[in-house]
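Student: Sharing a structure here in structure tokens format.
The values are calculated or read from the model by the stated rules, or taken from the named source; none is laboratory data. What you see is a predicted model, and the numbers here were worked out from it, not measured in a lab. Reconstructed Cβ throughout: ideal geometry from the backbone, glycine too, with neighbour counts over all protein chains shown. Remember, those area values only see protein heavy atoms, side chains included, never the ligands or the DNA or RNA. Shrake-Rupley method; radii C 1.70, N 1.55, O 1.52, S 1.80 Å.
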Amino acid sequence: MSRSIIITGGAGFIGSHVVRLFVNKYPDYRIINLDKLTYAGNLANLKDIEDKPNYKFVKMDICDFEGIYKLMQDEKVDGIIHLAAESHVDRSIKDPFTFARTNVMGTLSLLQAAKLYWESLPEGYEGKMFYHISTDEVYGALAMNHPEGIEPPFSTRASSGKHHLAYGDEFFRETTKYNPHSPYSASKASSDLFVRAYHDTYGMPTIVTNCSNNYGPYQFPEKLIPLFINNIRQRKPLPVYGKGENVRDWLYVEDHARAIDLIFHKGRASETYNIGGFNEWKNIDLIELLIKTTDRLLGRPEGADLDLITYVTDRPGHDERYAIDSSKLQRELGWEPSLQFEEGLEKTVRWYLENQEWMDTVTSGEYLRYYREMYGER
Ligand code: NAD
Ligand code: TYD
């Protein structure tokens, strides 16, 4: 095997796409999926590659420093791609401690295990990489000084559809000061800073990337898009927070995974790269498109389910607008999103409707019971 890589959080939404890409694209790499299998981790996300000879699953908590150190020694690990995290803002508002434990202490225990193992080798850090996956939410919120939308200064394949607007003059850049608001984004910001500290203090080769909102298959249905597709199918209310005017910048998950592959191999150590599609949507506009697309694919009159929209109390501290400037990544490494948003959304809706069994198992908690029996309590 030419490389031995731990991908943490590989049983989750984005992690499963990254694991699949690496296992299929690099048969000569050993890919170790290290995941605790929390409520968000599901090995059914990886059924198609679980028997590949270059793939191994290890059930482990990223806070288990000794376990990680031993695994790194046993598997002669030379790269870590770190996605494991508690990832849902609403949960972080209810239970911030779990976010600090996993996102901060877990990242720190991975860093320290990598440091001790790599520094014990004759070649030291040469040929090693600690790649930390983070979010645009660490930058805080941008002002919405153009609520009606303006012609954006950038354009990509993701944003090339009918809807192509920016809602403010500012964008998150790699140089934007961190200003997290939710316990989730505060914990991610803290983990990003620890990763940088390991580069600056010990010389560990590290990369941090901050990506915008992802969508696509295998996303846990507590997040906006899969939750709403499932509710539309069942004709259940769609809880829209506040006035539905918050803006998010959406990227198809496989485009994120391709960016991670490119940056892991070609990115410059110690650098930060922003990843996004210049694809801003007000929640309510996205939700209307989602309803129409789902109705059409279900054979219902388009828009028949618009009456499911139900405005509910806003999320506390709800960030107004996220918009990523990913031009550094495009300029330096030539990355571009491959899917236009309306195409990606249709593909996503189709996937959830065709994989009803996946959705039913996840929402019934059946898979939690199954893995509890297989691996014990968690
Ligand atoms: P997810 O919640 O779907 O998956 C997280 C995975 O991490 C799960 O498989 C879970 O079992 C595992 N995990 C959680 N705690 C663990 C622990 N203590 N030890 C080992 N494994 C543990 O998350 P996601 O949406 O796929 O996000 C992956 C990463 O990408 C996160 O770091 C997140 O901050 C970041 N990110 C997500 C988005 C997004 O839109 N989803 C956008 C930008 C960045
Ligand atoms: P979410 O998918 O939770 O991602 P994030 O909070 O990381 O951006 O939410 C996306 C947007 O949708 C966010 O502005 C909150 C809003 N939202 C709702 O209006 N209703 C919901 O039920 C959910 C889950 C989210």
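Student: Considering only the stretch 162-189, state which residues are assigned to a loop (DSSP other than H, G, I, E, B) and open to solvent by less than 20 Å² (accessible area, probe 1.4 Å).
Tutor: Correct list: Tyr167, Gly168, Phe171, Ser182.
Student: Scan the stretch 303-324 residue by residue and report those that are aliphatic (A, V, I, L, M), surrounded by 18 or more Cβ atoms within 10 Å (Cβ to Cβ) and over 19 Å from Tyr184 (Cβ atoms).
Tutor: If the condition is that a residue be aliphatic (A, V, I, L, M), surrounded by 18 or more Cβ atoms within 10 Å (Cβ to Cβ) and over 19 Å from Tyr184 (Cβ atoms), then Leu308 is the only one that fits.
Student: Here is a follow-up. What about Asp314, is it out of contact with any Asp or Glu (no Cβ under 9 Å at 6 or more places or on another chain) and modelled with pLDDT of 95 or more?
Tutor: Judged against the criteria, Asp314 is a match.
Student: Considering each residue of the stretch 30-52, count those that are part of a loop (DSSP other than H, G, I, E, B), in contact (Cβ under 8 Å) with a residue 24 or more places away in the chain and more than 8 Å from ligand 1 (Cβ to nearest atom), and give that number.
Tutor: Residues flagged as part of a loop (DSSP other than H, G, I, E, B), in contact (Cβ under 8 Å) with a residue 24 or more places away in the chain and more than 8 Å from ligand 1 (Cβ to nearest atom) within the stretch 30-52 amount to 1.
Student: Which one of the conditions (1) more than 15 Å from ligand 1 (Cβ to nearest atom); (2) at pLDDT 95 or above does Ser160 fail to meet, given that it meets all the rest?
Tutor: (2)
Student: Residues to consider are Ser109, Ser87; find the one that is open to solvent by less than 40 Å² (accessible area, probe 1.4 Å) and out of contact with any Asp or Glu (no Cβ under 6 Å at 6 or more places or on another chain).
Tutor: Residue meeting the stated conditions: Ser109.
Student: Using beta carbons and a limit of 6 Å, which pairs, at least six apart or on different chains, have the first residue in the stretch 240-253 and more than 16 Å from Asn214 (Cα to Cα) and the second one basic (Lys, Arg) and open to solvent by 10 Å² or more (accessible area, probe 1.4 Å)?
Tutor: Taking only residues 6 or more apart or on different chains, the pairs are Tyr241/Arg315; Glu245/Lys282.
Student: Starting from residues that are under 19 Å from Asn24 (Cα atoms) and open to solvent by 40 Å² or more (accessible area, probe 1.4 Å), keep the ones in the stretch 236-265 and report whichever is farthest from ligand 2 (Cβ to nearest atom).
Tutor: Of everything passing the filter in the stretch 236-265, His265 is farthest from ligand 2 (Cβ to nearest atom).
Student: Among the residues in the stretch 113-129, are any of a type outside the set (Asp, Glu), within 26 Å of Asp78 (Cβ to Cβ), assigned to a strand (DSSP E or B) and open to solvent by less than 40 Å² (accessible area, probe 1.4 Å)?
Tutor: Within the stretch 113-129, one or more residues are of a type outside the set (Asp, Glu), within 26 Å of Asp78 (Cβ to Cβ), assigned to a strand (DSSP E or B) and open to solvent by less than 40 Å² (accessible area, probe 1.4 Å).
Student: Still on this structure: Here are the criteria: (1) within 16 Å of ligand 2 (Cβ to nearest atom); (2) in contact with a Pro (Cβ under 6 Å, 6 or more places away or on another chain); (3) modelled with pLDDT of 95 or more. Tell me which single one Gly277 does not satisfy.
Tutor: Condition (3) is where Gly277 drops out.
Student: What is the residue count in the stretch 90-106 for residues that are open to solvent by 10 Å² or more (accessible area, probe 1.4 Å), touching a helix residue (DSSP H, G or I) at 6+ places or on another chain (Cβ under 6 Å) and within 13 Å of ligand 1 (Cβ to nearest atom)?
Tutor: 2
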